[in-house]
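Working notes, structure below.
We did not get these values from a lab; they are worked out from the coordinates using the rules stated. All values reported here derive from a predicted model rather than from experimental measurement. Ideal geometry is used to build each Cβ from the backbone, glycine not excepted, and the neighbour counts take in all protein chains shown.
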Amino acid sequence: MEATIALLPGDGVGPEVIAEAKKVLVAAADVSGGRLRFHEALIGGDAIDRTGTALPDETLEVCRNADAVMLGAVGGPKWDDPSASVRPEQGLLGLRKALALFANLRPVRVHPALASSGPVRAEVVSGLDLLVVRELTGGIYFGERGRRGDPTGEAAFDTLVYSTGEIERIIRRGAEAARGRQSRLTSVDKANVLESSRLWRATADRVVREEFPDVRIEHVLVDAAAMYLIQQPKRFDVMVTGNMFGDILTDEASVLAGSMGLLPSASLGQGRPGLYEPIHGSAPDIAGRGIANPIGMILSAAMLCRYSLDWPAGAERIESAVDRVIADGARTIDIASQGRESIGTADMGDRIAEAVAGEKGTGVSFSRCG
Ligand code: NAD
């Protein structure tokens, strides 16, 4: 078994955290005796500086030829000029579009040892294991928009459109994910107001009834979902929702974990490759200091094993190594309680890689080169 992984370190802390994820993947591959090949390519501000564009053709080619793509982060103050015609985010949005990545998966797990590091009461979040599945290439962010004249001056509009096909495929992703968990799917919409939500709700019900009779579906209005996420997040197993609601709810959910640095994500299309990145940005305030938390990137690599390499044992190996290192007390500065000693990015990566290597083999054949 062989796999090729495109590595896009990007900007700020991106290269720092991606180096640790690579280290951990290599450890997981070594212990199983197979073959992983890494191809590095430019994206974001780094790519603008070197090539004048945020997503060079060569990068797209490397990604298209890979089994999976790992991305660090893009952006930073150096490229923040709002009037600039070339911006780092174009690299990420262009990649999502080019690879037709319509489903964004964001798991939010809260290790009991870290339950008190966030703003929500420890007993509310301790042991939380929630997956948010967000539609990524449709809805109001992609609908017709514009300005028009108005007696008071000007009016602006953005259009929220969802087709049956778009809804069906994201509901299937959510239901498939629920099947591998507690088989509970919460579809979030605003069906009391929006016509697009009424189509969403009816389609979700039909897909689950016809194709996933073993999955239990409930519908929650987005305003209530926002409240439940803080009050009783453990009532959710898998939450599936549209682009804008998902954008907002996933940021809210990330607060439950205590640090941006902890959370992974996967963006998937119909076939390969998937895109795996931490939910955080380039963190320019801490870049270059070797203190960024690499766990979000490392857990993204675990998702890569699960969804793109069809290697769930590799994913579980990495996830349980992360759990063990946290349980043993290792903390980067963002998750260290006051007065407690913290370790750097590379040290955290080393410890997780060692924990991965220390686990028994799974029998899956992997090796590495490059
Ligand atoms: P950010 O996620 O980079 O940082 C927010 C806060 O979280 C900062 O205090 C930062 O130090 C902290 N943080 C982030 N990652 C961390 C980690 N791994 N370990 C410890 N602490 C961490 O968001 P921002 O400051 O709003 O944005 C900075 C830049 O990143 C901007 O240019 C923005 O456009 C870009 N951005 C990129 C992505 C992406 O590449 N997917 C996502 C969001 C923001």
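Suppose R0 equals 35 Å. What FRET efficiency, 1/(1 + (r/R0)^6) with r the Cβ-Cβ distance, do residue 113 and residue 78 give to the nearest 0.05?
On the way: r = 37 Å, r/R0 = 1.05.
Calculated transfer efficiency: 0.40.
R0 = 45 Å: FRET efficiency of residue 123 with residue 155, Cβ-based, nearest 0.05? Rounded to the nearest 0.05, the efficiency is 0.40.
Each of residue 169 and residue 324 was given a label point 7 Å from its Cα along the Cα-to-Cβ line. The distance between the two points is 3.9 nm. For residue 35, the residues 5 or more places off, or on other chains, whose built amide H falls under 5 Å of its own are 3, 366, 367. On a C-alpha basis, how far is the centre of segment 274-353 from the centre of segment 143-200 in Å? Whole number, if you could? Using only Cα atoms to place each centre, the spacing works out to 32 Å. Within the same chain, lysines fewer than 8 places from residue 234 are excluded, and of the rest, those with a Cα less than 30 Å from its Cα are 190.
With a Förster radius of 51 Å applied to the beta-carbon distance between residue 346 and residue 234, the computed FRET efficiency rounds to 0.90. When only alpha carbons of the chain are considered, Rg and Dmax amount to 20.6, 71 Å.
Pull out the extension gain between residue 216 and residue 179, defined as 0.36 nm times the separation in residues minus the alpha carbon to alpha carbon distance; nm, one decimal. Show your work: numbers first, answer last.
On the way: separation 37, 0.36 × 37 = 13.32 nm, distance 0.96 nm.
That pair, residue 216 and residue 179, stretches by 12.4 nm at full extension.
Think of each Lys and Arg Cβ as +1 and each Asp and Glu Cβ as -1; about the Cα centre, that makes the dipole of segment 119-257 roughly 280 debye. Arranged from fewest to most other beta-carbon atoms within 10 Å of their beta carbon, 63, 305 become 63, 305.
Set the Cα radius of gyration of segment 134-270 against 2.2 N^0.38 Å, with N its number of residues, and you get 1.14. Sorting 195-201, 223-229 by their mean Cβ neighbour count within 10 Å, with the most densely packed peptide first, gives 195-201, 223-229.
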